[in-house]
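Below is one structure, written out as structure tokens; the observations come after it.
The values are calculated or read from the model by the stated rules, or taken from the named source; none is laboratory data. Here the structure is a predicted model, which is why all the values come from computation and not from measurement. Virtual Cβ from ideal backbone geometry, glycine too; neighbours counted across all protein chains shown. What goes into the accessible areas is simple: the full protein's heavy atoms, side chains included, and nothing from ligands, DNA or RNA. Shrake-Rupley method; radii C 1.70, N 1.55, O 1.52, S 1.80 Å.
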Amino acid sequence: QKEVEQDPGPLSVPEGAIVSLNCTYSNSAFQYFMWYRQYSRKGPELLMYTYSSGNKEDGRFTAQVDKSSKYISLFIRDSQPSDSATYLCAMSEGAQKLVFGQGTRLTINP
Amino acid sequence: DGGITQSPKYLFRKEGQNVTLSCEQNLNHDAMYWYRQDPGQGLRLIYYSQIVNDFQKGDIAEGYSVSREKKESFPLTVTSAQKNPTAFYLCASSISVASYEQYFGPGTRLTVT
């Protein structure tokens with residue numbers, strides 16, 4: 001079993017829809033949770049970061065962490081075609097190594 | 001412009017040849033990383049370096065080697081011992097190894113035939 005599981009998709013939704021992306025994990029020592037966005041043939045860029053449990057909102061993006069269920073989510077409201085990308089969850093115990101999910105390929109259709 | 005550069009963007013090699021991928025950063029970051037990305041597998045850590053002249057193996061170091069002679073540079077050599085070298089290679093850096101935020105380069109797609 002992988003330490004971090006993420007549904008690879010692909011996921012295709014109409015413009016304006018609410019998108020939910022999820023990851024589950026097995027290591028209860030993870031404390032730092034991140035979402036990276038990767039456009040085709042580019043390097044990933046950090047989108048959201050959350051420490052421990054709770055919610056964090058940034059514009060149309062909301063990150064949620066539920067440590068009791070070992071489950072994290074990224075919600076995208078009012079999705080736009082420019083949100084089409086691969087979204088990678090990543091997490092760490094605190095230093096050094098990030099563990100990445102497989103990435104979910106998202107397409108927003110105009 | 002601060003950032004990470006990787007060159008070349010595309011690289012083709014014959015099986016049995018060693019090949020070196022370049023990674024340079026001007027962010028004054030201490031830590032640097034090499035990842036490999038394959039379809040459906042996410043990013044897997046090959047090597048990382050916390051400081052000049054120091055580096056550690058990641059999860060899939062076999063068949064790869066690195067050096068860190070300068071703070072700005074962290075080249076990765078894919079040796080002929082790497083059984084399946086065709087992949088997208090990403091270099092990243094962070095302020096320190098304790099930082100959660102890693103900045104990625106644009107990647108190099110290596111194809112070995």
Task: Positions within segment B:65-76 being assigned to a strand (DSSP E or B) and either open to solvent by 30 Å² or more (accessible area, probe 1.4 Å) or touching a helix residue (DSSP H, G or I) at 6+ places or on another chain (Cβ under 8 Å) (or both), in sequence order - done: B:Ser65, B:Lys70
Task: Enumerated strands (runs of 3 or more DSSP E) restricted to chain A, each holding at least 2 residues that are among the small types (Gly, Ala, Ser) and open to solvent by 60 Å² or more (accessible area, probe 1.4 Å) - done: none
Open item on the list: Suppose the filter is of a type in the set (D, E, K, R), touching a residue at least 60 places away in the same chain (Cβ under 8 Å) and more than 14 Å from chain B (Cβ to nearest Cβ); does A:Asp66 pass it?
Closed with: no
Open item on the list: Return the residues of segment B:83-103 that are open to solvent by 30 Å² or more (accessible area, probe 1.4 Å) and facing chain A (nearest Cβ under 7 Å); say none if nothing qualifies.
Closed with: B:Ala98, B:Tyr100, B:Glu101
Task: Count of segment A:72-109 residues which are over 23 Å from B:Asp38 (Cα atoms) and at pLDDT below 95 - done: 3
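Rundown of residues vs (1) hydroxyl-bearing (Ser, Thr, Tyr); (2) free of Cβ contacts under 8 Å to residues at least 40 places away in the same chain; (3) within 13 Å of chain A (Cβ to nearest Cβ), yes/no style:
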{"position": "B:Pro39", "(1), (2), (3)": "no, yes, yes"}
{"position": "B:Arg44", "(1), (2), (3)": "no, yes, yes"}
{"position": "B:Tyr48", "(1), (2), (3)": "yes, no, yes"}
{"position": "B:Val52", "(1), (2), (3)": "no, yes, no"}
{"position": "B:Lys57", "(1), (2), (3)": "no, yes, yes"}
{"position": "B:Tyr64", "(1), (2), (3)": "yes, yes, no"}
{"position": "B:Ser67", "(1), (2), (3)": "yes, yes, no"}
{"position": "B:Leu76", "(1), (2), (3)": "no, no, no"}
{"position": "B:Ala81", "(1), (2), (3)": "no, yes, no"}
